[in-house]
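Some notes on the structure that comes next.
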Amino acid sequence: MYQALLCWRYLRTRYIALVCVISVTLGVATMIVVNAVMSGFTTEMQKRIHGILSDVVVESRSLNGFPNAEWHMDRLRGVAGEAIAGMTATVVVPAMLSFQIGEEWITRQIQLIGVDPQTHSQVSDFARYLQHPANRRGPLEFRLHESGYDTHDHQAQGTGPERKAMEIAGWNYRRRVAAFRRLQRQLHGAESAPALAPGGEPSPAGAIHGATVQEGATPRDWFGAPTENSAAGKPRFGHLPALPEDRGVSASGAQEGVVEDPFSAYRSSQQEEYFDMATQQHTGAILGIALGCDRRADAQGRCVDRFFLLPGDDVVISFPNAADPRAGGRLTIIHETFTIVDFYESKMAEYDASFVFVPLEALQISRGMFDRATGVRYVNAIQIKLKPGYDCSEIRDRIQEAFPVEFYIVSTWQDKQGALLAAVRMETAILNILLFLIIAVAGFGILAIFLMIVVEKTRDIGILKALGASSWGIQAIFMGYGLTLGFVGSGFGLVLGLLFVRYINEIADWLGSLTGRPLFDPEIYYFYRIPTIVEPSTVAWIVFGAVAIAVLASIVPAIRAARLRPVESLRYE
């Protein structure tokens, strides 16, 4: 009983103990905050990566791919059918994206991905990252919508910036761009002889009266009224060359030259056909949003998205064909015009600044990834989504055994980003080690203070022993003192850390207003708020570790006090 009373008295009367409490409090709070932020970032990053990449991917070692995706899917079902929830075939090739801003052409390196609109959303979270609600609901169509694109980031839960430029995106914007280009041709005196080359945009019928355009202007600088024939009927799509199995497809049900399915036929490269930009689109493409906009912080530190491309704009994509040198094929570069129909925003800058999605069928034909005699098409990857509860690595190994490693690469989504995930785990471990040293420093402070207390209380210890106190009782006083300091400091640190995590974004905004620059810079991160996750198990071991260090620091002073002899303690009194 006397041990507890003395511990409480020392804790109340010796303000130097407050230093120990503050040290432990700050160490525990810091570790809780850092682990919550790192856990939030890691979880969000893994969720984004897994949402983009399917569970298992079977890839060809050649860009030309392998034939007959259906045969491969049947083989995969035979190997791991009980674990497979969905599959889709894709074509992935390196490419260059080119678009015009004013008189300048901008070129960027991209990954061109051909996807099956019917099955691609079944193996990933692709649909939820699109910017038009109809595309998110599905089924995916590579058609340009009239309007209705998101004017706010739907993933930001009301905290993202306003995107006013997207208000005009769609067919309304495309018709205005067509009218703008017509006025540019009028300015340069080219209206009397419009170009009729495939992919050109000669002026549609009808005149625009009273409209002017300055030389060097861009479509964003002027938006004219729609032309007379731009609102009549549905948008028309050009005709594309058919594969052998596509021949004979008719546009039954189409009215006034409108093709209901824009991909039932493909534009003939030999046929020079009139292309009306105001009522027609090229093959649709979905761009990573970072390819079409630039993110910056304004003077107030708010995130601002500046769009230089919108759904409705045309871009040129250059990519290699699938020629086989062994068969006498010649490698060439294909340049095709695509119409932006939507944006893709995964919030992973690596993907949003490089991915462009186009219809699988269109890319296969453009690259020549089909056998002209049989009509069998080629793909270079099959993505697989597994049912819950199955181990990706185990399924990967089973599939790899069934497919020759010389021709196929089988990997999981963790394998695809293994270096990044390993780097994050190592960074988290190193941070925890470094931050735990803060609590270790507090432990050395407790050790020094307790040694000083033992020296100061030598007379009191002698009196207690003379009155019959045991060595264990004396030792229990100091160990109980250290345990109390650990519990008090850890308790305050727990409360402080959890409060800081709860209001971390408000604190970051306040500090950003003081410094004049946002702490969570939107130019670097594609998240608007700092993600945090508090894991109870992590908090528990942090608190336990802090208490253990405080107790360990009190052991040496406690043993020294317990070994004091009463006669020596009272000799000079």
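The values are calculated or read from the model by the stated rules, or taken from the named source; none is laboratory data. Everything numeric here is computed off the predicted structure, so don't read it as measured data. Here Cβ is always computed from backbone atoms with ideal geometry, including for glycine, and neighbour counts include all displayed protein chains. These area figures cover heavy atoms from the full protein model, side chains too; ligands, DNA and RNA do not enter into them. Shrake-Rupley method; radii C 1.70, N 1.55, O 1.52, S 1.80 Å.
Below are the figures for this structure:
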read-out: Share of carbon and sulfur in the accessible heavy-atom surface of segment 312-372 [1.4 Å probe, %]; value: 52 percent
read-out: Dipole-positive endmost among Ala127, Met45, Val33 within segment 16-142 (Cβ charges, Cα centre); value: Val33
read-out: Whether segment 32-129 is rounded, prolate or oblate, judged on the alpha carbon gyration tensor where a/c under 1.5 counts as rounded; value: oblate
read-out: Cα-centre dipole for segment 41-128 with unit charges at Cβ (Lys and Arg positive, Asp and Glu negative), debye to 20; value: 160 debye
read-out: Segment 109-172, accessible surface, carbon-and-sulfur percent (1.4 angstrom probe); value: 42 percent
read-out: Whether segment 273-421 is rounded, prolate or oblate, judged on the alpha carbon gyration tensor where a/c under 1.5 counts as rounded; value: oblate
